[in-house]
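**Student:** Would you mind keeping the following structure in view while I ask a few things?
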Amino acid sequence: MNTRYITYGDSYAASKAACDLLAVGVIAIYGPTDPNSADAVQAHCRAAGVPHIQATWRPPPLRDLEIPSPPGINLYPEAVALSEAVAVFIKDNDWNTYTLLYDDDEGLIRLQEILKYADPNDNWLVRRLKSGKDNRQLLKSLKVARHTRVILDCPSDRILEYLRQAHDVKFFEDYMSYVLMSLDAHTLDLQELRYGLSNVTCLRIFDHADSRTTAYHADWKARATSDIKIPRMTHEITVEAALASDAANLLTNSVETVPKDFKIEPESIECKSDAKWESGNIFTEHILTNPITGITGNILLDNSTGERKNFNVEIMELSNSGFNSIAKWNADTGFDYVRTATDVSDLLAEKWQNKTFRVASRIGAPYLVERVPKEGEVLTGNDRYEGYSKDLVNEILKETLHLNYEIIIVPDNGYGAYNKETKKWDGLIGYLIDRKADLAICDLTITYERRSAVDFTTPFMTLGISILYMKPTPPEPELFSFLKPFSVDVWIYMAAAFLLVSLLLHILARLAPNDWENPHPCDKSPEELENIWHIKNSCWLTVGSIMTQGSDILPKGYSTRWVCGMWWFFALIMCSSYTANLAAFLTNAAMDDSIKSAEDLAMQTKIKFGTVGGGSTYFFFKRSNVSTYQRMWTAMESARPPVFVKNNDEGVERVFKGKRQYAFLMESTAIEYQLERGCDFVQVGGLLDSKGYGIAMPFFSSYRTAVDNAVLKLAESGKLVELKNRWWKLPENATKKCVQQEVAEEGTSAAELGVDNVGGVFVVLGIGCGMAAGMGALEFLWHVKDVAIEQKMSQMDAFWAELSFALSFWETEKPVEHSRPSSSASGDMASRASSVLRSAVDLFNMDVFKKDSR
Ligand code: ASP
């Protein structure tokens, strides 16, 4: 092996060295690494027919340029494929806005190759860095313009300088991502920048798992520590060294594998002469078709271009312990991500261990509330708060990822709405965009608009919009509520029907021969027939029927029975209807049927309704295409005073104070919480949509996957349900707050009826009994008067005699003298009056109509 040392970039010296070597007689020349010098050497080799091997990045050949045969051999990975690897990687990581920084023309070509793969919608910016100069101004302007993703193309020895400058202007910190194009970037000692929390990725073409690499690496390390002191380099193998080793291997292997009849004998060739090594072309072709596995993986060469193809690339990510492989790439197979979810969270924990995560939230029960300190207790830090959000963030950051965090409350306590005029987000979203917080956690709904400004994890809770409304106030119980089942008209018609039917029965009975009966059945040939259907009995029958009691006397005539049947049918229907309606009236009297759904709300103007201003519910109605919701939005927008509130608590209070004149459109989870705690509210209708709450974070947060995985893990383990129950369910020793009496809900069992509900029936009974007692008293006095006349006693004596007998409950028989005064006593005025009265009663009993049966 013959070696010549030349100054880097000195193509004249390279050319001279090549001629020297050719004159000595060589079977191939390797190097140099400087592309211009390599070109000069290649020209001499091609003229002499000697294979030339190089390991230098070369721009892709121009399309029309004819490639000489056999081509020069280049072990450096093909430019297009290398750029493709970077392009696919950034696409895989959702980069659609990025900055490309380069510092030499080759870099620009490499970046151009990347841009060939870019999506037409990608936003990219290309800027040139001045090598060896201060680029802080440029980097600062990029920082101000919120550029966060950078592809940096520069030689490895300038990377650190640029990153330091970026660090100085805070362009190398949290949420920044850098892809370093240099294949030697992984050899850099970036210790001083390791804790800058930017995400740094680079490419490597070694397979460190390969035994050859391991052996070579050990050797390289030993030499690096002893004599070769490479400033600012770790003891990693450089691409140049690895490719030089692979070139030597390729050459020795090619020599060993040449066909037996082919003799490799170097010839001395002068550069100035036209002489050529005759076996040169065959040997070049043999090298091109002789695949070997080197430190940089399989070496497969393209026969026509001499370029290296189908190579493997490892994607390396910087962590506290240096660069770690996160994925493997091959032009044929694409990306293979090698990290598991646990690796990701472990690396994250390691990387962020010194950082205190700023978790933004807002006050609102049950998600986050200020803790009331116990006596003598002074609350500081996160202890000042409690709630679902705090427990959730604790489970994710502390328990799962072992990271520190501090809770920050957003000053405006807002969720996050975009202001078109200021072009800014407020609330939690604004806080994340301004990088004032790393995570935002509360009942923050994932919406399309918010998703375009920040990243969200998978939802930790699902919900929908519904309506919170005040339960109806139970009406004042009414004494005569038993009259309610029928309207006044029906009662009047029923009374009229009762009188008419009774009268009809009476008349028909008088006409019906069958209703004239023998008063003494033992007397086979009675002198008179009797008709019992005088008006009293007729009324008694109709009353007995409608009261479902029946009567012990029944008509016998066809017409009377028909009337009776019809009346019973009428009574059956009326009684059943009354019973059914009475039950419904008394139990569900308080049920309100004014609004049952969002449609009902939209169709009326009396009850006002609103949402939290600027929240997702607000925008749901504002942007909806559904006519009902559009109508609701118009109603809300035009309502005076405004119907929008600052937060859920204010909305709930407004519903409460609104006395059923205000309904609040609220998320079902919050409604659930309110219903669990009080019985004054009711959820009207079902869910109007379906969505979820997610944890928000700035775009490109390196911890996104880890936090997301932690949420999934908590969901699968049932922890999320446990947390929800902890904060939603009322503690066992607590009772619901009910300002008004709970009323029976539709579909549930009927509530008990109180005296207030059925008191009227007692009143009627009482009045009825009172009247009966009055009538009894009158009847008694009338009888006393008769007795006094007949027995020729004073009325007072007769009264006391009759009363004492009536109260002698043990006497069950009454002497006739007492009860039936003799007719001989008639003569005086009183007795005459009495007989006139009796005659009148007899007349009333229609005795005049008695018919002779004979
Ligand atoms: N949770 C909602 C939000 O994130 C608030 C609401 O509209 O009720 O905006």
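**Student:** With the convex hull built on the Cα atoms of region 362-486, state its orientation-averaged projected area in nm².
**Tutor:** 15.4 nm²
**Student:** Using mean Cβ contacts within 10 Å as the protection proxy, how do 536-542, 255-261, 628-634 order, highest first?
**Tutor:** Descending packing order for the listed peptides: 536-542, 628-634, 255-261.
**Student:** Then there is this: For the chain, give me the percentage of DSSP beta bridges that are antiparallel, rounded to the nearest 5 percent.
**Tutor:** The antiparallel proportion sits near 55 percent.
**Student:** Packing-wise, with mean Cβ within 10 Å as the measure, how do 180-186, 574-580 rank, highest first?
**Tutor:** Answer by packing, highest mean first, reads 180-186, 574-580.
**Student:** Okay, next question. What Cys residues in the chain are without a partner cysteine, judged by a Cβ distance under 4.7 Å?
**Tutor:** Within the chain, the cysteines lacking a partner Cβ under 4.7 Å are Cys45, Cys154, Cys202, Cys442, Cys522, Cys539, Cys564, Cys575, Cys769.
**Student:** With the contact rule set at Cα under 8 Å and sequence spacing of 6 or more, what percent relative contact order holds for region 341-451?
**Tutor:** 33 percent
**Student:** Next up: Remind me, relative contact order of region 77-162 in percent, using alpha carbon pairs under 8 angstrom and six or more residues apart?
**Tutor:** Worked out over region 77-162, it gives 40 percent.
**Student:** Roughly how many Å is it from the Cα centre of region 243-314 to that of region 449-471, as a whole number?
**Tutor:** Region 243-314 and region 449-471 have Cα centres spaced 64 Å from each other.
**Student:** Hey, another quick one. What number, in percent, do you get for the relative contact order of the chain if the mean sequence gap of Cα pairs under 8 Å and at least 6 apart is divided by its residue count?
**Tutor:** Dividing the mean separation by the residue count of the chain yields 11 percent.
**Student:** Taking only the alpha carbons of the chain, what extent do you get along each of the three principal axes, in Å, biggest first?
**Tutor:** Here the Cα extents, ordered largest to smallest, are 181, 69, 50 Å.
**Student:** Under unit Cβ charges (Lys, Arg +1; Asp, Glu -1), what dipole magnitude, rounded to 20 debye, does region 7-120 have relative to its Cα centre?
**Tutor:** With only Lys, Arg, Asp and Glu charged at Cβ, the dipole is about 380 debye.
**Student:** Taking +1 at the Cβ of each Lys and Arg and -1 at the Cβ of each Asp and Glu, which of Thr560, Leu499, Trp533 sits farthest along the dipole of region 490-575 towards its positive end, judged by Cα position relative to the Cα centre?
**Tutor:** Result: Leu499, furthest along the dipole toward the positive end.
**Student:** Based on DSSP H assignment, which helices of the chain show an axial Cα extent of at least 24 Å together with a mean Kyte-Doolittle hydropathy greater than or equal to 1.6?
**Tutor:** Passing helices, by number: 488-511.
**Student:** Oh, and also: Provide the convex hull volume over Cα atoms per residue for region 1-152, in Å³.
**Tutor:** 135 Å³
**Student:** Moving on to the next point. I need the peptides 468-481, 115-128 ranked by packing, meaning the mean over residues of other C-beta atoms within 10 angstrom, with the highest value on top.
**Tutor:** Peptide ranking by packing, descending: 468-481, 115-128.
**Student:** To the nearest 20 Debye, how big is the dipole of the chain about its Cα centre, given +1 on the beta carbon of each Lys and Arg and -1 on that of each Asp and Glu?
**Tutor:** Charge dipole of the chain: 1800 debye, to the nearest 20.
**Student:** Taking the Cα atoms of region 531-662 alone, what are Rg (to one decimal) and Dmax (as a whole number) in Å?
**Tutor:** 28.9, 86
**Student:** On a C-alpha basis, how far is the centre of region 94-114 from the centre of region 66-88 in Å? Whole number, if you could?
**Tutor:** For region 94-114 versus region 66-88, the Cα centre distance is 17 Å.
**Student:** Between region 46-62 and region 359-426, what is the separation of their alpha carbon centroids in Å?
**Tutor:** Each part's Cα centre sits 63 Å from the other's.
**Student:** Between Thr634 and Ile363, what FRET efficiency follows from the Cβ-Cβ distance if R0 is 30 Å, with the result rounded to 0.05?
**Tutor:** With a Förster radius of 30 Å, E is 0.40.
Values quoted throughout were computed directly from the atomic coordinates according to the rules given, and no laboratory measurement underlies them. Values in this document were obtained by computation on a predicted structure and should not be read as measured data. For neighbour counting, all protein chains shown are included, and Cβ atoms are generated from backbone atoms with ideal geometry for every residue, glycine included.
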